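A short write-up of the structure that comes next.
The values are calculated or read from the model by the stated rules, or taken from the named source; none is laboratory data. Remember, predicted model here, so these are calculated numbers, not experimental data. Glycine also receives a Cβ, built like all others from the backbone with ideal geometry; neighbour counts cover every protein chain displayed.
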Amino acid sequence: MPAPETPELLIRPYRDEDFSEVSGLESAGVHEPYRSAVFVRQMGALAPATFLVAVSGTTVVGFTVGLIVQDDPGQAWILRMMVKDGFRHRGIGTMLLRAICGVLHGRSVTTISITVSPKNEPAVRLYHQEGFVQASLARGYFGESEDRFVMKRTA
Ligand SMILES: CC(C)(COP(=O)(O)OP(=O)(O)OC[C@H]1O[C@@H](n2cnc3c(N)ncnc32)[C@H](O)[C@@H]1OP(=O)(O)O)[C@@H](O)C(=O)NCCC(=O)NCCS
């Protein structure tokens, strides 16, 4: 039996209003168990210049990923900022944040944005300390009960 025709199929760029439906599809995807590995591989291929790691001896103890907005290269987002448990509160997060902001500045970025859970006190404090200010509170940003502060600073 031939597949039913799909009426009025349209291919268009993603918009914010697509968030819930696309998130549903993404979480049902075959790569769900490999989500972290997929992200690391993709960022390593797509954004190697703004994917930094902190190395202690031979061990990676932290990393950060920034991404420059495709159609607005003055804008960038920091997508990840992570320091390994046991190495936290020793200044590594500050060093990573300063390094990624420096790299983005060197690429003519003027504004850097980051989202953070209002409950994540260490991260909120770190970003405040490094000059980020709260631009807005995005309710349900990552789904129900997952509010995020959007914080910004000049690069
Ligand atoms: C947020 C994070 C990256 C900070 O890294 P870090 O290496 O511990 O940060 P630093 O040692 O450079 O600390 C910088 C500032 O952050 C704040 N901070 C760090 N750890 C803190 C803690 N446990 N409680 C409160 N504030 C803390 C402090 O203001 C600190 O400044 P201070 O040393 O003068 O007190 C780290 O806690 C982490 O990886 N958390 C889990 C992942 C995460 O939440 N990432 C952020 C997602 S948006």
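Exactly one residue out of Val103, Val55, Val61, Val65 is in the same structural domain as Arg139 (by TED's automatic domain parsing) and within 15 Å of the chain's Cα centre (by Cα): that is Val65.
Given the criteria outside any strand (DSSP E or B), farther than 24 Å from Gln70 by Cβ and either among the polar types (S, T, N, Q) or assigned by TED's automatic domain parsing to the domain that holds Leu79 (or both), does Val124 qualify? First the steps, then the outcome.
Working: outside any strand (DSSP E or B): yes; farther than 24 Å from Gln70 by Cβ: yes; either among the polar types (S, T, N, Q) or assigned by TED's automatic domain parsing to the domain that holds Leu79 (or both): yes.
When the stated conditions are applied, Val124 passes them.
Only one entry of Ala54, Ala37, Ala76 meets the criterion of being surrounded by 10 or more Cβ atoms within 10 Å (Cβ to Cβ) and modelled with pLDDT under 90, and that entry is Ala37. Residues that are surrounded by fewer than 15 Cβ atoms within 10 Å (Cβ to Cβ) and touching an Asp or Glu at 6+ places or on another chain (Cβ under 8 Å) within the range 84-107 comprise Thr94, Arg98, listed in sequence order.
The sole residue among Arg80, Arg88 that is within 15 Å of the ligand (Cβ to nearest atom), assigned to a strand (DSSP E or B), of a type in the set (Lys, Arg) and at negative phi is Arg80.
What are the residues in the range 103-141 that are away from the ligand (no atom under 12 Å from the Cβ) and of a type in the set (Ser, Thr, Tyr), if any?
Of all residues in the range 103-141, those away from the ligand (no atom under 12 Å from the Cβ) come to 103-112, 131, 133-140.
Result: Ser108, Thr110, Thr111, Ser136.
Out of all the residues in the range 44-66, is one or more more than 16 Å from the ligand (Cβ to nearest atom), of a type outside the set (S, T, N, Q) and either within 21 Å of Thr154 (Cα to Cα) or touching a Cys at 6+ places or on another chain (Cβ under 6 Å) (or both)? Among the residues of the range 44-66, at least one is more than 16 Å from the ligand (Cβ to nearest atom), of a type outside the set (S, T, N, Q) and either within 21 Å of Thr154 (Cα to Cα) or touching a Cys at 6+ places or on another chain (Cβ under 6 Å) (or both), which makes the answer yes.
Among the residues of the range 135-155, those identified as crowded, with 16+ Cβ neighbours inside 10 Å and not in a loop (DSSP other than H, G, I, E, B) are Arg148, Phe149, Val150, Met151, Lys152, Arg153. Exactly one residue out of Glu21, Glu26 is loosely packed, with under 10 Cβ neighbours inside 10 Å, more than 23 Å from Thr154 (Cα to Cα) and outside the structural domain of Phe149 (by TED's automatic domain parsing): that is Glu21. Considering only the range 94-102, I want to know if a residue exists there that is in contact with a helix residue (DSSP H, G or I) (Cβ under 6 Å, 6 or more places away or on another chain) and either modelled with pLDDT under 95 or within 15 Å of the ligand (Cβ to nearest atom) (or both). No: the range 94-102 contains no residue that is in contact with a helix residue (DSSP H, G or I) (Cβ under 6 Å, 6 or more places away or on another chain) and either modelled with pLDDT under 95 or within 15 Å of the ligand (Cβ to nearest atom) (or both).
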